[in-house]
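A.B. asks: Take this structure, written in structure tokens, and hold onto it; I'll ask about it next.
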Amino acid sequence: MIKLERIGHVYLSVADQEVSKRFYRDVLGFAIAEEDPVHGGVFMTLGDNFHTLDIGQAPNPEVDRHPDLAGRPDRRRIGLGHLAFQVGSYAALRDAYIHLQAHGVAVKVALNHVNQRSLYFADPDGNTLEIYFEVPYALELFPNGRDDTDEALPLSKPGEPLPDWLLEDWPSPELKARIERIARQKKESVVV
Ligand SMILES: [Fe+2]
């Protein structure tokens, strides 16, 4: 039997290690756990394990000299679609949106996935990244699926007021009540 616990880390082969290191550290808030270009690259952590991201310089000198020659991530090709980072609250998702805009990172799409709301943007190499808040107990709340239609949420330009959906109280009071009910049930089942 195999029992994996979680995805441990992702290795990204990048066109410019310094540029990517600055992006993941200065924009996304990763800390550098270790830099070891010989045996990997830049090991970056969110503080919960040694590293969640390993950033390595692409070895092809053509890529170094002419980054445009490197194949860029493209959803139409086979390969990694996106990397998604979770935040712990809806307020943190709103803060992330404001933070990305303040750092000149364009949020390309925002989607309502019923159990989660997501922001999509790109890293310096064009890898799509996602930041999302997922409601607690999503598995219990949607045991038969979510009927997710990828509902697009409107975006604001830098300097414009934030879109309404980012300012509203989410999840809805009905969903919050169901979340609290599940939390209570779980607590009671532990006590019993
Ligand atoms: Fe995703």
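A.B. asks: How far is helix 173-191 tilted, in degrees, relative to the longest principal axis of the Cα atoms in the chain, given as a value from 0 to 90 rounded to the nearest 10?
C.D. replies: For helix 173-191, the angle is close to 80 degrees.
A.B. asks: Expressed in nm to one decimal, what extension gain is obtained for the pair Arg178 and Asp16 from 0.36 nm per residue of sequence separation less their Cα-Cα distance? Walk me through the numbers on the way to the answer.
C.D. replies: Values: separation 162, 0.36 × 162 = 58.32 nm, distance 4.67 nm.
That pair, Arg178 and Asp16, stretches by 53.6 nm at full extension.
A.B. asks: Based on DSSP, what percent of beta bridges with both residues in the range 37-148 are antiparallel, to the nearest 5?
C.D. replies: On the way: 14 of 19 bridges.
Percent antiparallel among DSSP bridges in the range 37-148 is about 75.
A.B. asks: Most exposed first by the Cβ proxy, i.e. fewest other Cβ within 10 Å, how do Ser189, Ser156, Ser172, Ser118 rank? The partial results should precede the final answer.
C.D. replies: On the way: Ser189 8, Ser156 16, Ser172 11, Ser118 21.
By the 10 Å Cβ count, ascending, the order reads Ser189, Ser172, Ser156, Ser118.
A.B. asks: Using the Karplus curve 6.51 cos²θ - 1.76 cosθ + 1.60 with θ = phi - 60°, what ³J(HN,Hα) values do you get for each residue of the range 138-145, in whole Hz, with x for Gly and Pro?
C.D. replies: 4, 5, 6, 6, 10, x, 10, x
A.B. asks: Here is a further query. Give me the angle, in degrees from 0 to 90, between the Cα long axis of helix 90-102 and the longest principal axis of the Cα atoms of the chain, rounded to the nearest 10.
C.D. replies: 30 degrees
A.B. asks: Another one. Per 5 Å bin, what percent of the C-alpha pairs of the chain does each bin hold, from zero upward?
C.D. replies: The calculated distribution, bin by bin, is 1, 6, 12, 16, 17, 15, 13, 9, 5, 3, 1, 0, 0.
A.B. asks: Would you list, by chain and number, the lysines whose Cα falls below 23 Å from the Cα of Lys157, excluding same-chain residues fewer than 8 positions away?
C.D. replies: List returned: Lys108.
A.B. asks: Okay, moving on. Okay, helix-only estimate at 222 nm for the chain: each DSSP H run of n ≥ 4 adds -39500 (n - 2.57), divide by all residues, round to 500 deg cm²/dmol; what do you get? Walk me through the numbers on the way to the answer.
C.D. replies: On the way: 6 runs with 51 residues, N = 192.
Rounded to the nearest 500, the figure is -7500 deg cm²/dmol.
A.B. asks: Let me ask you something else. Size of the dipole of the chain about the Cα centre, Lys and Arg at +1 and Asp and Glu at -1 on the beta carbon, nothing else charged, in debye to 20? If you can, show how the numbers build up before the last one.
C.D. replies: Values: 21 positive and 30 negative charges, 96 e Å.
Value, rounded to 20: 460 debye.
A.B. asks: Now for a separate question. Test of understanding: what is the full-extension gain from Thr45 to Lys157, defined as 0.36 nm times their sequence separation minus their Cα-Cα distance? If you can, show how the numbers build up before the last one.
C.D. replies: Working: separation 112, 0.36 × 112 = 40.32 nm, distance 3.04 nm.
Full extension of this stretch gives 37.3 nm more.
A.B. asks: Which far-off residues, 5 or more places away or on another chain, put their amide H under 5 Å from the one on Glu34, with H placed in the peptide plane?
C.D. replies: Here the answer is Phe43, since their amide H atoms fall under 5 Å of that of Glu34.
A.B. asks: In nm, to one decimal, how far is the modelled label at Leu167 from the one at Arg25, with both set 7 Å along Cα→Cβ?
C.D. replies: Each label point lies 7 Å from its Cα, and together they span 3.7 nm.
A.B. asks: Here is a follow-up. If I stretch the segment between Ile78 and Arg146 completely, what's the gain in nm (0.36 nm per residue apart, minus their alpha carbon distance), one decimal? Intermediate results must be reported in sequence, preceding the final value.
C.D. replies: Values: separation 68, 0.36 × 68 = 24.48 nm, distance 2.61 nm.
Extending this stretch completely gives an extra 21.9 nm.
A.B. asks: For a quick check: with amide H placed at 1.01 Å from N, whose amide H comes under 5 Å from Ala84's, ignoring anything fewer than 5 positions away on the same chain?
C.D. replies: When sequence neighbours closer than 5 places are left aside, the close amide H contacts are Glu130.
A.B. asks: Select from the range 81-174 those GluC sites (Glu not before Pro) which occupy a DSSP coil region and have at most 13 other Cβ atoms within 10 Å, ordered by residue number.
C.D. replies: Values: sites: Glu130, Glu134, Glu140, Glu151, Glu168, Glu174; in loops: Glu168.
Passing both the DSSP loop test and the Cβ count: Glu168.
A.B. asks: Still on this model: Mind checking which lysines have their Cα closer than 23 Å to the Cα of Lys186? Skip sequence neighbours fewer than 8 apart in that chain.
C.D. replies: Within the straight-line limit of under 23 Å, Lys186 reaches these lysines: Lys176.
A.B. asks: Taking amide H positions as placed in the peptide plane 1.01 Å from N, state which residues far from His113 in sequence (5 or more) or on other chains have amide H under 5 Å from it.
C.D. replies: Under 5 Å from the amide H of His113: Ser118.
Bear in mind that the values in this text are calculations on the coordinates, not laboratory data. Quick caveat: nothing in here was measured; it's all calculated off a predicted structure. Backbone-built Cβ (ideal geometry, glycine too); neighbour counts: all protein chains shown.
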